[in-house]
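Throughout, read-outs are computed from the coordinates displayed, never taken from laboratory work. All of these numbers come straight from a predicted model, not from anything done at the bench. Because the Cβ atoms are built from the backbone with ideal geometry, glycine has one as well, and the counts that use them run over all protein chains shown.
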Amino acid sequence: MSETVDKIRDILLEKCERHKKNPKYGYYDYWNDHIKPVVKYAVYLAEQYGADVEIVELGALLHDISMPSEYGERSEHHIYSAEMAEKLLTELNYPQDRIGLVRKCVFNHAGRNAHLRDTLEENCVSDADALAHFDRIPSLFCLAYNIHGMSLDEGREYVKERLQGDINGLSERTKLMYKSKLEAIMQNVFVD
Ligand SMILES: [Fe+2]
């Protein structure tokens, strides 16, 4: 594991610890509930697909950094997170060409930028982001009901749509790899 990855992980842990104390976001444990599983899937996929593991791990660690940092609009978190990632990695003297690769992973993890993803590393990070949601479904319901204050039906539809969107956004081979698991979850959680 590289020194840069270690330092970035420490920065993330610190930001998530602080965020966890904020009642505005329901004391959300961003590290354990999201970043950690995203990193786990991202590194696994990078190894499976022969991607650059360090770029992918940095991308996964940094992909949402603006959110636990409570910096910028949450709906534009891919922009703010890319900006923060670039700044932090530059301060750590990480090579500029590699910063560009990590930045792309962060900026293009957002569903709306799917058409811009053109590296294996970007797909590993965005696929991992989606897969991690399926390991933490209660958090999505918590977000719908406790943070967004939705009704029972609204929350159900909200979570269902988000998870279906996650499946739709997966790269073809990751979709194939997890197809039966994800379909089983959707069929069993959202019974019509
Ligand atoms: Fe994420």
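Using the Cβ of Thr119 as centre and a radius below 10 Å, the other residues enclosed give a net charge of -2, where K and R count +1 and D and E count -1.
Charge tally for Glu76 (other residues, Cβ to Cβ under 13 Å; Lys, Arg +1; Asp, Glu -1): -1.
Annotation: the residues Cys105, Cys142, Cys124, Cys16, sorted from fewest to most other C-beta atoms within 10 Å of their own C-beta, follow the order Cys142, Cys16, Cys105, Cys124.
Database remark: amide H of Met150 closer than 5 angstrom to the amide H of Tyr145 (H placed geometrically; neighbours at sequence offset of 5 or more, or on other chains; Pro and chain starts carry no H). Three principal axis extents describe the C-alpha atoms of region 3-189; from largest down they are 49, 39, 24 Å. Counting neighbouring beta carbons within 10 Å and listing from fewest to most, the residues Val191, Val38, Val159, Val56 come out as Val191, Val159, Val38, Val56.
Could you pull out the chymotrypsin sites (Phe, Trp or Tyr not before Pro) across region 1-101 that fall in loop regions by DSSP (anything but H, G, I, E, B) with no more than 11 other Cβ atoms inside 10 Å?
Values: sites: Tyr25, Tyr27, Tyr28, Tyr30, Trp31, Tyr41, Tyr44, Tyr49, Tyr71, Tyr80; in loops: Tyr27, Tyr28, Tyr71.
Loop-located and lightly packed - Tyr27.
Counting other Cβ atoms within 10 Å as a rough exposure proxy, the listed residues Leu152, Leu92, Leu45 run Leu152, Leu92, Leu45 from fewest neighbours to most.
Within a straight-line Cα-Cα reach of under 17 Å, Lys21 can be paired with the following aspartates and glutamates, leaving aside sequence neighbours fewer than 8 residues apart in one chain: Asp29, Asp33, Glu70. Placing unit charges on the Cβ atoms of the charged side chains and taking the dipole of the chain about its Cα centre, the candidate lying farthest along the positive direction among Gly50, Ala144, Cys16 is Ala144. Listed by number, the DSSP H helices of the chain that run 18 Å or longer by alpha-carbon position along their axis and have mean Kyte hydropathy of at least -1.0 are 3-19, 36-49, 77-91, 120-135, 172-189. Dipole magnitude for the chain: computed about the Cα centre from +1 point charges on Lys and Arg Cβ and -1 point charges on Asp and Glu Cβ, it is near 300 debye.
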